[in-house]
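Every number in this text was worked out from the coordinates using simple rules, so none of it is lab data. Note that the structure is a prediction, hence the values are computed from the model and not measured. Every residue, glycine as well, gets a Cβ built from its backbone with ideal geometry; the counts of neighbours run over all protein chains shown.
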Amino acid sequence: AKHDGRGRFAFFEQAMDASMQLRLRMERDLRAAVDQGQFLLHYQPIVSVATGALAGFEALVRWRHPERGMVPPGDFIGLAEEIGLIAPLGRWVLERACADAALWPRPVKVAVNVSPRQLADSTFPDLVAATLKSTGLAPSRLELEITESALMHNVEAAKNALLRLKLTGCSIAMDDFGTGYSSLGYLRTFPFDKVKIDRSFVKHLAGTKESSAIIRAVTGMCDSLGIISTAEGVENQEQLAYLREERCIEAQGYLFGRPVPMDELPAVFARFAGG
Ligand code: C2E
Ligand code: CA
Ligand code: CA
Ligand code: CA
């Protein structure tokens, strides 16, 4: 029994060692990736529910790992935040997205995700202003997507940051609406232009009465507050029909297009031609 116990302990120790090593390797690779610029952006269309016209694109970062191939953001954004790499990575994303959007054939919006740590940096609004200037992108074409978690730690500081950001002329969206603790309260406190309804609500739209009731409540409230409602994760016509009925303003999801690299955008623009 004694022997078994030690054997098992050694096994756990080894397993822990392996995951520790994996994390350390991941950290080292991520630092190199930032230095060497191994990232790229994919763009996913956002459309008007009423007309089907193209409203803009959300920029979504990917990491082209030399051995592991394309790594999705869910696998490295958290680590980048933890080890202090989100500032340089976020700066690159912002610059790339604004520079790309400035070249698009139609003046649609580009939406950029902003992590809590970026927003907490008091120089971030200056970075946004400088980037708009250096890329020549019209400020009204930039939208920053912010999650509730970025707002809750220091409400006053976050409010100040959002007000300074709005002075640059960009717009601000609340991302993943409905997944946090006080989404509704934050709408009153912060100057949001848009609410992105989390895809967990859209997913069950056709299945449960509750989901459509929630969507109806959110779109109705946005309407009376003058905030644009956008539904995320729209995958089928049935969901789109519900959203139309509930007067949701915009939609995003695989039904309209997957995120694609910049060189595939001409085809996407063509698909939405005239819109
Ligand atoms: P998000 O901001 O909620 O972005 C939407 C995610 O949903 C994207 O995943 C997108 O590919 C996926 N998606 C879009 N349409 C559909 C659909 O119809 N069905 C389903 N099942 N999924 C859909 P992605 O690209 O893996 O990004 C994951 C998250 O990583 C994003 O969630 C965002 O929070 C974060 N992220 C992405 N790019 C950046 C970035 O540049 N900076 C920061 N800080 N975070 C980023
Ligand atoms: Ca987003
Ligand atoms: Ca989202
Ligand atoms: Ca999300």
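A few points about this structure:
- Cβ-based exposure ranking for Ser211, Ser149, Ser115, Ser224, in which fewest neighbours within 10 Å come first: Ser224, Ser149, Ser211, Ser115
- About the Cα centre, charge dipole magnitude for segment 45-174 (Lys/Arg +1, Asp/Glu -1 at Cβ), debye: 420
- Look at Ser212, Ser48 and count the other Cβ atoms within 10 Å of each Cβ; fewest to most, that gives Ser48, Ser212.
- Positive-end residue of Ser140, Leu22, Phe39, charge dipole of the chain with Cβ unit charges: Ser140
- Furthest towards positive pole of dipole, Gly233, His153, Pro266, structure part segment 144-270, Cβ charges: His153
- Dipole magnitude (debye, nearest 20) for segment 147-275, charges at Cβ of Lys, Arg, Asp, Glu: 260
- Mean residue ellipticity at 222 nm, helices only, the chain: -15500 deg cm²/dmol; runs of at least 4 DSSP H residues each add -39,500 (n - 2.57), and the sum is divided by the number of residues.
- Simple spin-label estimate for Phe269 and Glu67 in nanometres, 7 Å along Cα-Cβ: 4.0
- Only Lys, Arg, Asp and Glu carry charge here, each on its Cβ (+1 for the first two, -1 for the last two); on that basis the chain has a dipole of about 120 debye about its Cα centre.
- Overall form of segment 185-275 per C-alpha gyration tensor (a/c, 1.5; a/b vs b/c): oblate
- Degrees, to the nearest 10: 124-135 long Cα axis against longest axis of the chain: 70
- Computed from Cα positions, the angle between helix 209-225 and the longest principal axis of the chain comes to roughly 60 degrees.
- Label-reachable residues, segment 83-111, where backbone N falls under 19 Å from a point 7 Å from Arg23's Cα toward its Cβ: 83-86
- Cα→Cβ-extended label distance, 7 Å offset, between His204 and Phe9, nm: 4.6
- Candidate lysines for bridging to Lys133, where Cα separation is under 18 Å - those fewer than 8 sequence places away on the same chain excluded: Lys109, Lys166
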